[in-house]
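Step one of this worksheet: look at the structure below.
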Amino acid sequence: KHCLNNNHTTMNRECICKIRDIYRNITAFEATLQKQLHLNMNEAVLLCIVAEHENISSGELADELNLTPSNASKVIASMESLHLIRRKTCKEDKRCMRFNITDEGKQLLQHLNCEQFQLPEQLMCLTK
């Protein structure tokens, strides 16, 4: 079913309501994530990204997180302060920073699995 009306210029009410419900479910999931692992959604996603992409740059992280460089920098700083990721200066350009997951980050990531969390029913179909 399409969210746009016949002239493809405005969203219909039903679609907006469904998006609202998905947003509420994501917010509830993030609250559970925060309570159980003490990470917000951006922090958890950053940890997964750094685990998957060794030596990733801050710019690449910002792109992957779909955040501005400034907001990505705040998430990176938070994860560094928790000792879950570490920064390394590039040899060729001292202004360049690359990031890797720490042993503590790997341990926490082992606890980050969807079976551990009760996903809201509306989000379950998105994980298949």
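The values are calculated or read from the model by the stated rules, or taken from the named source; none is laboratory data. The structure presented is a predicted model; accordingly, all values stated were derived computationally and were not measured. Positions of Cβ are backbone-derived with ideal geometry, glycine not excepted, and every protein chain shown enters the neighbour counts. Note: accessible area is taken over every heavy atom of the protein model, side chains too, but ligands, DNA and RNA are not part of it. Shrake-Rupley method; radii C 1.70, N 1.55, O 1.52, S 1.80 Å.
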_What's the total number of residues in the stretch 9-24 that are without any contact (Cβ under 8 Å) to a residue 60 or more places away in the chain, open to solvent by 50 Å² or more (accessible area, probe 1.4 Å) and part of a helix (DSSP H, G or I)?_
8
_With the condition being open to solvent by 70 Å² or more (accessible area, probe 1.4 Å) and farther than 30 Å from residue 121 by Cβ, I'd like the helices (runs of 4 or more DSSP H) fully within the stretch 25-108 carrying at least 3 qualifying residues._
69-81
*Of the numbered conditions (1) open to solvent by 70 Å² or more (accessible area, probe 1.4 Å); (2) at pLDDT below 95; (3) over 24 Å from residue 32 (Cβ atoms), residue 128 satisfies every one except a single condition; which is it?*
(3)
*Is there a residue in the stretch 107-121 that is over 21 Å from residue 29 (Cβ atoms), over 16 Å from the mean Cα position of the chain (by Cα) and at pLDDT 95 or above?*
no
